[in-house]
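As C-alpha cells, the structure follows; a few thoughts come after it.
Each value in this text was obtained by applying a stated rule to the coordinates, not by laboratory testing. Treat the numbers as computed from the prediction; the structure is a model and nothing was measured. We place every Cβ from the backbone using ideal geometry, glycine too, and count neighbours over all the protein chains shown.
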Amino acid sequence: MDKIPAPAAGKRNERMKSGFDVSRLFLCLAAAWMATALAACETVGGAPAAAEVQDVATTAAVPESLELAYVPSSEPFRLGLQHFSRGNYGLAERYFRDVVEKDPNNAMAWIGLAGSYDHIGRFDLADRAYRMAIRLSGETPQILNNMGYSYILRGQYTIARRYFMKAYARQPGDPTIAANIALINSLAPPARP
C-alpha cells in the first residue's frame, strides 16, 4: 500500500504560524459590511424598522379592544392529564399549576393539581388545591372521592372512608367510588359496633 503524503508546509501553514490569516480577515470584513448594510435599511421584509415601531407605540394610544389578553389554551391542561395518566406526577403538577396560575377559576385544573400533589407527597399543597376546587364547584363526588384517596395515601384510613362514603351517598353506583370503598375495606376493614 502506498502511503498518503502528509500535506506540505505551504503558504497557509506559514500564515497560521505567524498568526495572520487573510481568509479570516475577509470573513470579518464581509460580516461588518453586511451589518452596516442591514442597519441602513428602514424595513425588514416589508415591516417598518424597530425604531419606527417604537415611535408609533409611544405616540399612539392602544384601544382597550386591541390590548393583548390571556387567551385560555387547553394545551397545558391536556399535557397535565397526559402526564398524570402516565404516572409523571411532577410534570403533571407543573402543567396543572400553569393552568391555575393563568386561570384561577378552572376547578378541573385545581383537582388535577391536587391529585398531582398527592402523588408527590405534598399533602399540604393538595389540601389547599382541594379547598380551591370546592370553593369553585362545591363538594362534588369526584372531589370527595379524590380527597378520600388522598387520605389513603397518607395512611389515614378512617378519614378516607368518611370521604368515600360521602361521595358514594351523592353518586351511588359510581364504579370508581365503589372500587375505592372496596380498597379501603381491604386495607382497614370497617369497625364493628
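Derived scalar couplings between HN and Hα for the stretch 131-139 equal 4, 5, 5, 5, 4, 7, 10, x, 7 Hz in order, rounded to whole Hz, by the Karplus curve 6.51 cos²θ - 1.76 cosθ + 1.60 (θ = phi - 60°), x for Gly and Pro. Computed from the Cα positions only, the extents of the stretch 139-193 along the three principal axes stand at 25, 22, 18 Å, in decreasing order.
Residue-wise HN-Hα couplings along the stretch 173-186, as the Karplus relation 6.51 cos²θ - 1.76 cosθ + 1.60 with θ = phi - 60° gives them from phi, are x, 5, x, 5, 5, 4, 5, 5, 5, 4, 5, 5, 5, 6 Hz; Gly and Pro carry x.
Counted residue by residue at 0.36 nm each, then reduced by the alpha carbon distance between them, the extension gain from E139 to Q171 reaches 10.4 nm. Count Lys and Arg as plus one, Asp and Glu as minus one, and take only other residues whose Cβ is under 12 Å from that of L144; the net charge is then +2. Length available on full extension from L153 to I120: 0.36 nm per residue minus the Cα-Cα distance, which gives 10.9 nm. A simple count of charges around G80, restricted to other residues whose Cβ falls under 9 Å of its Cβ and scoring Lys, Arg +1 and Asp, Glu -1, yields +1. The Rg/Rh ratio of the stretch 75-138, with both radii computed over alpha carbons and Rh defined as the Kirkwood radius, is 0.94.
If you take the beta carbon distance between K102 and S186 as r and set R0 to 41 Å, what does 1/(1 + (r/R0)^6) give as a FRET efficiency, to the nearest 0.05?
Working from the Cβ atoms, E equals 0.50.
D127 sits among other residues whose Cβ lies under 13 Å from its own Cβ, and their net charge, with Lys and Arg +1 and Asp and Glu -1, is +3.
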